[in-house]
């Protein structure tokens with residue numbers, strides 16, 4: 001069962017409560033390069049991104065957000081560190097959410113100014129607790145004059161050890177609760193929170209622990225996850241564990257790659273857990289010496305052709321008689337290939353036998369026909 005949370009709205013996107021789990025990304029362009037940033041966000045919109053975040057390193061970037069926001073369709077989050085005036089200007093530029101740790105501002109009156117304006121504009125604040133920027137051990141909220149390179153954090157035990165030692169998880173949760181208290185003391189509750197680390201055990205246990213203590217929605221992520229392949233795998237494991245346990249309301253897969261890859265990976269994680277039922281899901285055998293056709297080539301071609309499919313379909317591409325017929329019959333559309341011929345199934349029933357040379361064309365024709373039937377049914381469910 002999914003954890004029940006107090007929802008917030010990031011622009012028109014509901015996060016938490018009964019809302020579907022949304023997929024986010026962050027731009028990799030210099031925010032001050034308005035044209036490049038807008039182009040990147042439009043590419044993200046094309047692949048299904050629902051919320052986007054931009055770094056705000058200075059006032060020029062904060063001012064640039066106004067033109068960026070007016071040129072895109074999805075909600076915009078301003079990523080702020082330390083400088084309250086950048087948060088104020090970002091709000092005036094029309095952003096939909098702040099990613100801001102109020103404790104980093106270090107001045108109560110400046111925090112009040114930011115929170116007051118955010119509350120007036122109904123703009124939520126995401127508290128981002130990251131392993132790489134935790135306060136010194138024993139000094140949460142007392143960071144002035146302390147050396148960040150000698151803060152004791154790296155000496156803490158990671159994960160969820162069976163000891164009574166104070167751990168990184170304890171420190172992350174304590175930091176998050178302190179940041180939340182700062183906002184709640186100002187009568188502000190439009191809050192999201194993230195608790196990210198590169199270490200999966202630490203991340204998972206931090207979210208688990210915090211889920212029992214607060215009502216606010218969670219932004220899930222594994223920070224600095226890595227390149228497209230390794231980072232997607234690491235994120236799928238960490239986020240997958242939490243999502244399977246019902247924890248999480250919005251996600252970002254952080255990759256050292258094109259930002260569109262983050263969205264594609266995030267949507268695949270949700271579809272794999274059947275938390276998002278949109279677009280095609282491809283089931284394809286890995287191929288082996290029994291395969292009578294080039295399954296890899298066929299599957300990759302089908303996968304590419306299915307990228308623009310919005311209808312929720314399960315499509316199976318199988319290469320031999322061992323598992324092929326069973327898997328193909330379990331799909332909305334399936335193909336089980338043999339020597340020179342292939343059988344196409346539709347919802348468990350054999351539809352037709354086709355020649356090998358026409359497999360791809362015939363399979364895609366059947367898929368488009370099923371899409372059309374589903375669309376007609378949704379428009380007129382009675383018939």
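Can you tell me which residue among 288, 320 is in contact with a strand residue (DSSP E or B) (Cβ under 9 Å, 6 or more places away or on another chain), free of Cβ contacts under 8 Å to residues at least 40 places away in the same chain and assigned to a loop (DSSP other than H, G, I, E, B)?
Of 288, 320, the one residue that is in contact with a strand residue (DSSP E or B) (Cβ under 9 Å, 6 or more places away or on another chain), free of Cβ contacts under 8 Å to residues at least 40 places away in the same chain and assigned to a loop (DSSP other than H, G, I, E, B) is 320.
For region 312-334, which positions are modelled with pLDDT of 85 or more and surrounded by fewer than 24 Cβ atoms within 10 Å (Cβ to Cβ)?
Across region 312-334, the qualifying residues are 312, 313, 314, 332.
Which residues, taken from region 2-55, are more than 19 Å from residue 90 (Cα to Cα) and in contact with a helix residue (DSSP H, G or I) (Cβ under 7 Å, 6 or more places away or on another chain)?
Passing the criteria: 3, 21, 23, 40, 43, 44, 47, 48, 49.
Condition first: surrounded by fewer than 16 Cβ atoms within 10 Å (Cβ to Cβ) and in a helix (DSSP H, G or I). Can you find one or more residues in region 162-171 that meet it?
no
Which residues, counting only those in region 85-122, are under 28 Å from the mean Cα position of the chain (by Cα), part of a loop (DSSP other than H, G, I, E, B) and either modelled with pLDDT under 90 or closer than 22 Å to residue 219 by Cα (or both)?
Passing the criteria: 94, 95, 96, 100, 101, 121, 122.
Only one of (1) in contact (Cβ under 8 Å) with a residue 24 or more places away in the chain; (2) closer than 15 Å to residue 2 by Cβ is not met by residue 192, so which one is it?
(2)
Kindly indicate which of 264, 241, 251 is under 30 Å from residue 7 (Cα atoms), at pLDDT below 95 and assigned by TED's automatic domain parsing to the domain that holds residue 203.
Just a single option satisfies the conditions, and that option is 264.
Considering 68, 63, 74, which residue is outside any helix (DSSP H, G or I), touching a helix residue (DSSP H, G or I) at 6+ places or on another chain (Cβ under 7 Å) and at pLDDT 90 or above?
74
State all residues of region 98-119 that are out of contact with any helix residue (DSSP H, G or I) (no Cβ under 9 Å at 6 or more places or on another chain) and either under 22 Å from residue 9 (Cβ atoms) or crowded, with 18+ Cβ neighbours inside 10 Å (or both); if no residue qualifies, say none.
Passing the criteria: 99, 116, 119.
Report, by residue number, each residue of region 210-239 that is in a helix (DSSP H, G or I) and buried (at least 17 other Cβ atoms within 10 Å of the Cβ).
210, 211, 228, 231, 232, 234, 235, 236, 238, 239
The values are calculated or read from the model by the stated rules, or taken from the named source; none is laboratory data. Since this is a predicted model, take the numbers as computed values, not measurements. Backbone-built Cβ (ideal geometry, glycine too); neighbour counts: all protein chains shown.
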